[in-house]
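Asker: Dumping the structure here so I can ask a few things about it.
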Amino acid sequence: MPKLMLNHEINCDADTFWKLFFNQDFNVAMYKQGLGFTEFQVLEQRDGDRETFRKVHASPKVEMPGPLAKMFGGGLKYTEEGTFDKGSKIWRWKMTPSSMADKIKNEGTMRLEPAGAGKVRRIAEILIEAKIFGLGGMIEGMADKSLKEGWENSAKFMNKWIADGKAT
């Protein structure tokens with residue numbers, strides 16, 4: 001059951017980060033153009049007094065070994081449901097794949113820490129678990145690699161978006 005801890009420096013303050021994180025135009029651009037997803041759609045987003053809830057449907061482009069490509073058929077698709085706790089400033093999410101949802105777990109948390117003037121460090125802790133005989137380790141390894149690349153690329157995309165003055 002691999003647990004990833006990812007850290008990325010983002011060139012903005014915390015308020016700007018969260019504003020971008022919940023901006024639908026930014027997210028569509030990041031997932032489709034920046035990360036190459038074939039599908040990305042915000043299904044629901046609600047902002048309450050104590051929390052913000054978001055549910056998305058997405059389909060990343062993922063290189064899969066033969067046995068996994070066969071198992072996932074037309075590619076990986078998932079629904080992500082997450083909640084941002086406004087008090088603790090922590091985003092918690094759970095991804096549910098369209099195939100094998102009862103056997104694959106991908107969930108985590110994301111928070112920010114100050115990283116100098118006008119910068120934050122985005123810290124994500126991600127749990128990946130695949131309980132599929134003979135293929136679990138392969139799925140976990142693929143997810144680990146894909147998530148590391150995706151989070152790294154999202155940080156680069158976000159920093160470019162900010163540098164280009166689109167974050168205002």
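Asker: Straight-line reach from Lys160: which aspartates and glutamates have Cα under 16 Å away, leaving out those fewer than 8 places along the same chain?
Answerer: Partners within reach: Glu9, Asp13, Asp25, Glu152.
Asker: Another question, then. May I ask you to list the chymotrypsin sites (Phe, Trp or Tyr not before Pro) in the range 69-168 that are in a DSSP loop and have at most 15 other Cβ atoms within 10 Å of their Cβ?
Answerer: Within the range 69-168, the qualifying chymotrypsin sites (Phe, Trp or Tyr not before Pro) (loop, at most 15 other Cβ atoms within 10 Å) are Phe133.
Asker: Hand me the trypsin sites (Lys or Arg not before Pro) from the range 133-168 located in a DSSP loop with no more than 16 other Cβ atoms within 10 Å, in residue order please.
Answerer: Loop-located and lightly packed - Lys166.
Asker: What shape does the range 42-113 have by the C-alpha gyration tensor, where a ≥ b ≥ c are the square roots of the eigenvalues, rounded means a/c under 1.5, and otherwise prolate means a/b greater than b/c and oblate the rest?
Answerer: Cα axes put the range 42-113 in the prolate bin.
Asker: May I ask you to list the lysines whose Cα is less than 21 Å away from that of Lys145, ignoring any residue fewer than eight positions away on the same chain?
Answerer: Lys3, Lys32, Lys61, Lys70, Lys77, Lys94, Lys103, Lys105, Lys131, Lys156
Asker: Could you give me the percent of Cα pairs per 5 Å distance bin for the chain, shortest bin first, beginning at zero and ending with the bin that holds the maximum distance?
Answerer: P(r) over the chain, rounded to whole percents: 2, 8, 16, 22, 21, 15, 9, 5, 2, 0.
Asker: May I pose another question? According to the square roots a ≥ b ≥ c of the eigenvalues of the Cα gyration tensor, what is the shape class of the range 1-59, taking rounded for a/c under 1.5, prolate for a/b larger than b/c otherwise, and oblate for the remainder?
Answerer: Verdict is rounded for the range 1-59.
Asker: May I pose another question? Could you list His57, His8 so that the one with the fewest beta carbons within 10 Å of its beta carbon is first and the one with the most is last?
Answerer: Listing His57, His8 from fewest to most nearby Cβ atoms yields His57, His8.
Asker: Tell me, what is the percent relative contact order of the chain, built from C-alpha pairs under 8 Å that lie six or more residues apart?
Answerer: It rounds to 27 percent for the chain.
Asker: Run the quick spin-label model on Met138 and Asp47: label points 7 Å from Cα toward the beta carbon, then report their separation in nm to one decimal.
Answerer: According to this spin-label approximation, the distance is 4.5 nm.
Asker: Using 0.36 nm per residue of separation minus the Cα-Cα distance, give me the extension gain between Ile123 and Asp25 in nm, one decimal.
Answerer: Net length gain for the segment: 33.0 nm.
Asker: If one takes the longest principal axis of the Cα atoms in the chain, at what angle in degrees, from 0 to 90 and to the nearest 10, does the Cα axis of helix 136-163 lie?
Answerer: Value to nearest ten degrees: 20.
Since every read-out is calculated from the coordinates, none of them should be taken as a lab result. Just so it is clear, the structure is predicted and the values come from calculations on it, not from any experiment. Using ideal geometry, Cβ is built from the backbone for each residue, glycine included, and neighbour counts are taken over all protein chains shown.
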